[in-house]
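> Sharing a structure below in structure tokens format, with a few things to ask.
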Amino acid sequence: VREPTKRAISQFFHFEVSREGTPTTDHDFQKYLRNERGYLRNYYLQVLNPEKTNAALVDLDPTTLINKIMYDYDFIGITERMGETAVCLMMLLGVPMGSMLYLDAKTNGGYDDAGHDHTCHYIQPSHVSSGMEFFFQHRSWKSLVRWDEILYDAANRSLDLTIDRLGRAEFERNLATFRHAQAVAGDRCLPREVFPCTSNGALNPNKQCLWKDSAC
């Protein structure tokens with residue numbers, strides 16, 4: 001899971017600005033968020049709801065549903081703590097560190113293969129104006145993402161508790177090694193990887209990915 005406001009910002013810049021060419025004005029940004037209210041409200045409570053495969057909410061109050069999600073899932077990772085998430089999962093499963101290393105398929109300034117229009121789209125960096133910062137602090141927005149923020153905080157706390165149970169000292173040693181290995185993998189492997197889009201925005205017919213730009 002990702003911090004809800006950051007996820008909404010990324011969603012707008014990825015799907016609307018980068019792919020559709022939508023202007024980045026406060027007006028267009030807020031219009032998009034208002035139109036997506038049904039998708040943004042309690043998003044994690046919908047998609048992680050273990051009772052419904054169609055992402056519909058069951059007739060439970062949000063607190064009960066959050067507790068059920070935290071109980072039913074064996075592990076929930078945190079996007080902003082991807083390295084810690086990977087190392088924690090590695091230690092829980094007892095798998096080699098090499099199995100947890102990954103390469104970034106999308107970065108700001110790179111290109112994204114949307115998958116449906118056979119076009120590479122330049123990934124515009126996300127940015128938030130002072131007006132949008134005010135918008136995100138307003139009670140109307142806070143109300144929209146309130147329960148997702150509570151679930152996000154619970155998942156963060158769960159990750160910390162799991163690390164403590166695994167042993168903080170050993171975890172920190174593994175994390176340091178993992179971050180070094182990630183840097184080495186980036187230096188050695190990233191230039192050799194064949195992603196769906198080239199560095200100049202052309203489609204690459206020889207991509208080495210299992211699905212779109214995943215598992216490359």
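> Step through the table entries Lys31/Lys142; Lys6/Lys31; Lys6/Lys212, compare each Cα-Cα distance with 21 Å, and write down the pairs that go over it.
In this structure, Lys6/Lys212 exceed 21 Å between Cα atoms.
> So if each residue of separation counts as 0.36 nm, and I subtract the Cα-Cα distance between Glu149 and Leu190, what length gain in nm does that give?
That pair, Glu149 and Leu190, stretches by 11.4 nm at full extension.
> Starting from 0.36 nm per residue, how many nanometres of slack lie between Glu172 and His127 once their C-alpha separation is accounted for?
Length difference between fully extended and current span is 13.0 nm.
> What spacing in nm lies between the two simple spin-label points modelled at Ala215 and Ser140, each 7 Å away from Cα in the Cβ direction?
Placing both labels 7 Å beyond Cα along the Cβ direction yields 4.3 nm.
> Here are a few candidate values for Rg and Dmax of the Cα atoms in Å: [x] 17.9, 59; [y] 18.2, 56; [z] 19.3, 51. Which one was actually calculated from the structure I just gave you?
Entry [z].
> Can I ask one more? Run the simple label-point estimate for Asp26 and Gln208 please: 7 Å along Cα→C-beta, distance reported in nm.
4.7
> Taking only protein heavy atoms and a 1.4 Å probe, what accessible area per residue, in Å², does the stretch 1-101 have with all protein chains in place?
Computed with neighbouring chains in place, this is 54 Å² per residue.
> Can you give the calculated 222 nm mean residue ellipticity of the chain, where each DSSP H run of n ≥ 4 adds -39,500 (n - 2.57) and the sum is split over every residue, rounded to the nearest 500 deg cm²/dmol?
-15500 deg cm²/dmol
> Let me ask something additional. What order, most packed first, do the peptides 175-186, 200-211, 15-26 have when packing is the mean number of other Cβ atoms within 10 Å of each residue?
15-26, 175-186, 200-211
> Okay, next question. If I model a spin label at Leu89 and Leu60 as a point 7 Å from the Cα along the Cα→Cβ vector, what separation in nanometres do I get?
2.3
> Ignoring any ligand, DNA or RNA, what whole percent of the accessible area of the stretch 5-141 comes from carbon and sulfur when the probe is 1.4 angstrom?
C and S atoms contribute 50 percent here.
The values are calculated or read from the model by the stated rules, or taken from the named source; none is laboratory data. As the structure is a prediction and not an experimental result, all values here were calculated from the model. Cβ coordinates were reconstructed from backbone atoms using ideal geometry, including for glycine residues, and neighbour counts include every protein chain displayed. When the accessible area is computed, the model is the full protein with side chains, heavy atoms only, and any ligands, DNA or RNA have been set aside. Shrake-Rupley method; radii C 1.70, N 1.55, O 1.52, S 1.80 Å.
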